[in-house]
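Data first, discussion second: the structure below is written as structure tokens.
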Amino acid sequence: MNIAQINLTIAQMLDYTTPILFAALCGVLSESAGVVNIGLDGIMRFGAFFGLLGAFFSHSPWIGLLLGIAVGCLVGALHAFITIRWNGDQTVAGTAVNVIAVGLMTYLLEFIFSTTGYSPQIQNYFGAQAYRVQLPFLATIPLLGAFSNLSFMIWFGFICTVLMHVLLYHTVLGLRIRTCGENPKAATTLGINVFRVRWFAVIAGAALAGIGGTALSISSFSGFSDSMPNGVGFIGLAAMIFGKWTPFGALGAALLFGTGQIVQSIIAVTGIAPKLAPGLTLILPYVLTLAVLAGFVGKSIAPAADGQPYYKEQR
Amino acid sequence: VSESNFTSKFLKAFGIDNQGHNRRDPLNIWVPLISVGLALIVGMLVIAASGRDPFRAYALLFGDSGLIPGGASWRREFAELLIKSAMYIATGLSVALAFKGGLFNIGAEGQFWVGAIVATFFGYWAPVAHTFGAMYAALGSLGWIAQLLHGAICIIMGMLAGGAWAAVAGYLYVKRGVNIVIGTIMLNWIAWFLITSWLVLGPMTPPSQTFTSGSFYVADTAKLLRIMMPTRLNTSILLVLIATYATWFLLYKTTVGYEIRAIGYTANIGMEAPRAQGINVSRRILQLMFFSGSLAALGGSFFILGLTYQFPNTATMGYGWTGIGIALIGQSEPLGVVLAGLFIGALRTGATSMQIANIPKTFSNIIEGMAVGFIALQVAVRYYLVKIIQRRRTRTNPPADQEAAA
């Protein structure tokens, strides 16, 4: 394995990491405010399809990204309407989003593109050379060279992680969000409008999941496939837990799980343990997450009011 | 903006707890019916918005669903409806039973596939298959006994494995405090990848075959008997009805069931009451998860022993997710689950015909998802229902009467 190969592998790993990272950030924001969003896999599917749709018809991935964000916000608003406005069960609402996404996207794929299984491939996507972020001064440095020619979405993922960290831990709004997730009653006592904060967190989080979907269809790949997101949303959910509900933790977990996704190709290239079953590497994220939750490896604890509907004036 | 607390006031006024459960509430039966009705209407709008004829599409959907007798292909469609429903009812019962104990078993999917793979294994594994093959030959006209026994062993082993798989999540919840939703989701994917990316790609495939061929085929003695020739309808629907009765009996006629329901009613408020009554909550939750998982695994064994006869390489997820929808539409009551399962089975059967009208068969997912969404919105559905009822009353009765009644 020479430097070029290592760089290529790192870049490939980052490609896998980005959708997981966005999904995990969605979970972090939403659950910090106390709303479980199990539908983020479905929102990613929405984002992936509409992202491609925008990029396909406008020949610009930027329009695709915007459309992905918009549809993410819309589905997020639906989730918020059910779970915050009407105190519906958050897991049930999320399941509904997932199931609808499966049916509706297949329907739209056949309706708009008259194809089954795959959308047409596009030329103008974030993974294309013209849309990559060029940092030539890094190219000759070992390891950092991998960062010299990355898709915009990968950098956007890193930026969002930092922004989310600042938002949650260094702003008043972030403090309010976390209060709503830990103790909504105390938040109300302090004059915080729990409902409004939760609406914001859910919609902003869903927008991130929508971006995660576009990172699949118009960045890692250059088209939408009917199997998308193929459980990436659930890996994101696992990454959120493994990262202990923090943005940087989510980044670390997403990097780890992204690596897990390409271990197979690393093995193929290096020839280490060719007999290792692919199933055993794919279950890694989920096993690690269970281990962390169960306290076998560290301990990951959810926000105290996570998943609980909030009723004003209830004792 | 003043966010009013009308929902909690409303809930209190109607004696409904946070989850919206109240067994005596006459609206209970209307919520799933209205949800499904609204979902069907939204489905029509989706079809109409894409420039197709919703009435023709629904005529195809329900005409070929197997629900309406008559027509040349009705027997086949009816058989398909029952075959599909048997699997969905099994996963639906699994989720419903867990709901009764206050647990959201979102892992019926994984338990379904664990049951399927274990049933496959005992279907083809030489020591078992040869024994029953020899027995079948020796018994002659009584060969069905060998078929019955081999099928039973496959199903029971599958159910034990599926139950154990679910009990892992139960154990992690009880002993380690791992949220049951998260635990079962993780176990879903662990099961799925272990099976489809490992077992079916190597250890359980015939060596001469390519890796896309799926697992070994089960022996003839392991296959479920067909009960309505020439269709492929098999005994799975009868078995699932027995399972439904067993679930109902467990819930409403046994001490264990009573304790499970007691835990379920108080799941939101710490389960102190059942603990104070001396119920071993941890143990009951473990048992509940085991029962729940074995019901989902029953569906998985139907999939193998009644339909594919091997673990196919083309298996796709969805049975467990559908089971969640069915449990919700069926309001977690065994009878309701059967009705909801038949409805979804009919939708899935008829959806294949909708392809004539250029509508992909995943259309039924839209209806299902919408129905689940409206059930999640049940507080709103109930709120507007009560409003409508009250408006009717004030219209028919003079207001003075109402005051007197209050």
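A short reminder: the numbers here are calculations on the coordinates, not readings from a lab. In this text, all values refer to a predicted model and were calculated from it rather than measured experimentally. Glycine also receives a Cβ, built like all others from the backbone with ideal geometry; neighbour counts cover every protein chain displayed.
Per residue of B:317-324, count partner chain C-beta atoms within 10 Å of its C-beta, then hand back the mean as an integer. Write out the running numbers ahead of the final one.
On the way: counts 2, 2, 0, 0, 4, 1, 0, 6.
Rounded to a whole number, the mean comes out at 2.
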Once phi for every residue in the stretch A:128-141 is put through the Karplus expression 6.51 cos²θ - 1.76 cosθ + 1.60 (θ = phi - 60°), the whole-Hz ³J(HN,Hα) values, with Gly and Pro written as x, are 5, 3, 5, 9, 7, 8, 8, 10, x, 5, 8, 4, 8, 7
If one computes the Cα centroid of the stretch A:1-47 and of the stretch B:177-201, what distance in Å separates the two points?
-> 19
Measuring from the longest principal axis of the C-alpha atoms of chain A, the long axis of helix A:284-293 (C-alpha) lies at a number of degrees, nearest 10, equal to 30
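Show me the ranking of peptides B:322-329, B:214-221 by mean Cβ neighbours inside 10 Å, starting with the highest.
B:322-329, B:214-221
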Derived scalar couplings ³J(HN,Hα) [the stretch B:127-142; Karplus, 6.51 cos²θ - 1.76 cosθ + 1.60; whole Hz; x for Gly, Pro] = x, 6, 4, 5, 4, 6, x, 5, 4, 4, 5, 6, 7, x, 6, 8
Provide Rg and Dmax in Å for chain B, with only Cα atoms included in the calculation.
-> 23.4, 85
How well do other chains shield peptide B:192-200, expressed as the mean number of their Cβ atoms within 10 Å of each residue Cβ?
-> 5
Long-range HN-HN contacts of A:Gly39 with modeled amide H, under 5 Å = A:Gly94
With axes computed from alpha carbons, what is the tilt in degrees of helix A:232-242 against the longest principal axis of chain A, rounded to the nearest 10 within 0 to 90?
-> 60
Mind checking the angle between helix B:54-63 and chain B's longest principal axis? C-alpha axes, 0 to 90 degrees, to the nearest 10.
-> 50
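Suppose we look only past 16 Å in the calculated P(r) of the stretch A:179-246. What percent of the Cα-Cα pairs does that tail hold?
Counting every Cα pair in the stretch A:179-246, those more than 16 Å apart make up 62 percent.
Where Lys and Arg each count +1 and Asp and Glu each count -1, what net charge lies around B:Ala346 among other residues with Cβ under 10 Å from its Cβ? Please list the in-between numbers first.
Values: positive: B:Lys84, B:Arg348; negative: B:Asp64, B:Glu77, B:Glu80.
Result for the local shell: -1.
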Taking Cα centroids, how far is the stretch B:304-383 from the stretch B:280-300 in Å?
-> 22
Could you work out the helix-only [θ] at 222 nm for chain A, with each DSSP H run of four or more residues adding -39,500 (n - 2.57) and the total divided by the number of residues, to the nearest 500 deg cm²/dmol?
-> -21500 deg cm²/dmol
Can you list the equivalent-ellipsoid semi-axes of the stretch A:112-231, largest first and in whole Å, using the square root of 5 times each Cα gyration tensor eigenvalue?
-> 36, 23, 9
For the stretch A:94-110, 3J(HN,Hα) per residue [Karplus equation, 6.51 cos²θ - 1.76 cosθ + 1.60, θ = phi - 60°, Hz, x = Gly/Pro] | x, 4, 4, 4, 4, 5, 4, 4, 4, x, 5, 5, 4, 4, 5, 4, 6
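Please average, across the residues of A:30-41, the number of beta carbons from any other chain that are within 10 Å of each residue's own beta carbon, and give a whole number.
Values: counts 0, 0, 0, 0, 0, 0, 3, 0, 5, 2, 0, 1.
Per residue, the number of nearby Cβ atoms from other chains is 1 on average.
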Between rounded, prolate and oblate, where does the protein assembly as shown land on the alpha carbon gyration tensor, with a ≥ b ≥ c its root eigenvalues, rounded for a/c under 1.5, else prolate if a/b exceeds b/c?
-> rounded
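So what is the relative contact order of the stretch B:194-284, in percent, for Cα pairs below 8 Å that sit 6 or more residues apart?
Values: 52 pairs, mean separation 10.5, N = 91.
Relative contact order for the stretch B:194-284 comes out at 11 percent.
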